[in-house]
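I have placed the structure first, in the form of structure tokens, so that the comments after it can refer back to it.
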Amino acid sequence: MTIAVYPGSFDPITFGHLDIIERAATIFDRVIVAVCLNPGKKPLFTMEERMEMIVRESSQLANVEVGCFRGLLTEFVRRKNAGVIVRGLRAITDFENEFQMALMNRKLNSEIETVFLVAQPNYSYLSSSIVKEIASLGGNVSGLVSEQVSQHLQGKYATTGE
Ligand code: PNS
């Protein structure tokens, strides 16, 4: 059985992430979507909120589960007995950073492979950051995130005023 981990910040999950999750779920036996708690970043959504949104978005995919981790990704992958890290590649601008991470993760654990799935062209411009910026300015994010995520975003910006 091949278990893959799809790690990220998912702050919040977008249709671009969902596309990668759905495609990974057809390739691997089990996919663990892993929300990273990065002390260096100040996310808009809490870990619980991010996980809950992913659980709702992926509920129809029987072989997908949601987890979270702090610290090294390779340690989380090892604890889960997974052998693959899945990352989405949007534009060439993603490549340098992803290449560095993949090589570093291989140095940390040579038994773990990183597999890149190329984003669909219609999601290649999409990121959680740009979605948050649009939502914070009162713009329409439909077509970029689900209705439930859109409502969560509206709720956040209404209460935080950020
Ligand atoms: O969605 P993101 O923010 O692009 O995801 C980045 C993430 C979480 C995959 C990356 O920052 C990560 O793996 N963090 C865990 C810490 C770690 O293992 N660092 C060494 C990897 S080079």
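How do the helices (runs of 4 or more DSSP H) wholly within the stretch 53-150 filter down when requiring 1 or more residues that are among the hydroxyl-bearing types (Ser, Thr, Tyr) and either surrounded by 15 or more Cβ atoms within 10 Å (Cβ to Cβ) or within 11 Å of the ligand (Cβ to nearest atom) (or both): which remain?
Details: elements: 73-79, 92-108, 128-136.
Here the list reads 73-79, 128-136.
Against the test of being in contact with a Gly (Cβ under 9 Å, 6 or more places away or on another chain) and either under 25 Å from Ile27 (Cα atoms) or of a type in the set (Lys, Arg) (or both), the options Ala102, Ala119, Ala91 yield a single qualifying residue, Ala119. Out of Leu126, Leu44, one residue alone is in contact (Cβ under 8 Å) with a residue 60 or more places away in the chain, touching a Pro at 6+ places or on another chain (Cβ under 9 Å) and closer than 27 Å to Asn140 by Cβ. It is Leu44.
Quick one: is Pro12 without any contact (Cβ under 8 Å) to a residue 40 or more places away in the chain, within 17 Å of Lys132 (Cα to Cα) and outside any helix (DSSP H, G or I)? Don't jump to the end; show me each part of the working.
On the way: without any contact (Cβ under 8 Å) to a residue 40 or more places away in the chain: no; within 17 Å of Lys132 (Cα to Cα): yes; outside any helix (DSSP H, G or I): yes.
Here the answer is no, as Pro12 does not meet what is asked.
In the condition set (1) more than 14 Å from the ligand (Cβ to nearest atom); (2) surrounded by 16 or more Cβ atoms within 10 Å (Cβ to Cβ); (3) β-branched (Val, Ile, Thr), Thr26 is compliant with all but (2).
Restricting to the stretch 1-23, name every residue that is of a type in the set (Gly, Ala, Ser) and either touching a Phe, Trp or Tyr at 6+ places or on another chain (Cβ under 7 Å) or more than 10 Å from the ligand (Cβ to nearest atom) (or both). If you could, list the steps in order and put the result at the bottom.
Keep residues of the stretch 1-23 that are of a type in the set (Gly, Ala, Ser), which gives 4, 8-9, 16.
Across the stretch 1-23, the qualifying residues are Ala4, Gly16.
Looking at (1) within 17 Å of Leu153 (Cβ to Cβ); (2) surrounded by fewer than 17 Cβ atoms within 10 Å (Cβ to Cβ); (3) within 11 Å of the ligand (Cβ to nearest atom), find the lone condition where Leu37 falls short. So the condition that Leu37 fails would be (1).
Computed from the coordinates by the stated procedures, all read-outs in this text should not be read as laboratory data. Fair warning: this is a prediction, and the values are worked out from it, not measured in the lab. Backbone-built Cβ (ideal geometry, glycine too); neighbour counts: all protein chains shown.
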